[in-house]
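First the structure, in the form of C-alpha cells, and then the observations on it.
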Amino acid sequence: MYTGLQHAHSYIAYLALILLVVAAINAIIGMTSNKEFKDNDRKLSLFALIFTHVQLLIGIILYFVSPLVQSFSVAMKDSTLRLYALEHPLINIIAVVLITIGWSKHKKAATNKAKFKSIGIMYAIGTILILSRIPWGTWL
C-alpha cells in the first residue's frame, strides 16, 4: 500500500504541477491582455484545483503511513526528516489553501480581469510554494 501511494503521489504531482503552471500562465496572460474569461479558462483552473486537492489527499494519507515521518524531536535534528515531517506537508497545505482561495475569489469577481487576477496570482504563489518544498533529490 505504501509503495502504491508513493507512486500515485509522485505521478499525480507531475500532472498537478503542469496544470497549475498552465492555469497560472493562462490567467496572467488573460489578465494582461484583457481577454474574456471563458468556459475553457474556468475548466483549466478547475482541473488544476481538483488535481491539487487529490494530490493533497494522497499526501495526507501517505503522511500517516510513511516510515519517514517519525517523532518531531527526531525530525527536527535531521534536515531530510524535517522536510518530510514538517516543511513539505505544512507549506503544501498552505499552497493548496491559497489556490483554493484564488478559485473561490474568482467566482465572486465581477469583471474578467478580476477573475484572471485572482486565479493568476494565487495559483502562481501556490505553485512557487509547492516547488520550494519538493524533495527534489528523491523525486526526480
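The values are calculated or read from the model by the stated rules, or taken from the named source; none is laboratory data. The shown structure was predicted, so the numbers you read here are calculated from the model rather than taken from an experiment. As a convention, Cβ positions derive from the backbone with ideal geometry for all residues, glycine included, and neighbour counts pool all protein chains shown. Note: areas computed on protein heavy atoms with side chains; ligands, DNA, RNA excluded. Shrake-Rupley method; radii C 1.70, N 1.55, O 1.52, S 1.80 Å.
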Spatially close lysines, pair count over the chain: Cα under 24 Å, gap of eight or more or interchain: 25
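Estimate the FRET efficiency between Ile29 and Met76 by the formula 1/(1 + (r/R0)^6), using the beta-carbon distance for r and 41 Å for R0, to the nearest 0.05. Please report the intermediate quantities before stating the final value.
Details: r = 42 Å, r/R0 = 1.03.
Computed FRET efficiency for Ile29 and Met76 comes out at 0.45.
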Within the range 41-132, trypsin sites (Lys or Arg not before Pro) in DSSP loop having at most 12 other beta-carbon neighbours inside 10 Å: Lys77
Cα→Cβ-extended label distance, 7 Å offset, between Val22 and Phe47, nm: 0.5 nm
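For the chain, which whole percent of the accessible surface, found with a 1.4 angstrom probe, sits on carbon and sulfur atoms? Let's see the in-between values first.
Numbers: 5580 of 7990 Å².
Answer for the chain is 70 percent, counting heavy atoms of protein chains only.
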Rounded to the nearest 20 debye, dipole of the chain from Cβ charges on Lys, Arg, Asp, Glu: 540 debye
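For the range 50-131, rounded, prolate or oblate, judged on the Cα gyration tensor with a ≥ b ≥ c (square roots of eigenvalues), a/c < 1.5 rounded, else prolate if a/b > b/c? Don't skip to the answer; put the middle values down first.
On the way: a/c = 4.19, a/b = 2.62, b/c = 1.60.
Verdict is prolate for the range 50-131.
Going by a ≥ b ≥ c, the root eigenvalues of the Cα gyration tensor, does the chain fall in the rounded group (a/c under 1.5), the prolate group (a/b larger than b/c) or the oblate group? If you can, show how the numbers build up before the last one.
Details: a/c = 2.73, a/b = 2.27, b/c = 1.20.
In terms of gyration-tensor shape, prolate.
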Heavy atoms of Met122: accessible area, 1.4 Å probe, square angstrom to 10: 40 Å²
The range 80-130 versus the range 12-76: alpha-carbon centroid distance in Å: 8 Å
Per residue solvent-accessible surface (Å²) - the range 82-140, probe of 1.4 Å: 52 Å²
In Hz, Karplus ³J(HN,Hα) per residue of the range 124-130 (6.51, -1.76, 1.60; θ = phi - 60°; x = Gly, Pro): 5, 4, x, 5, 5, 4, 4
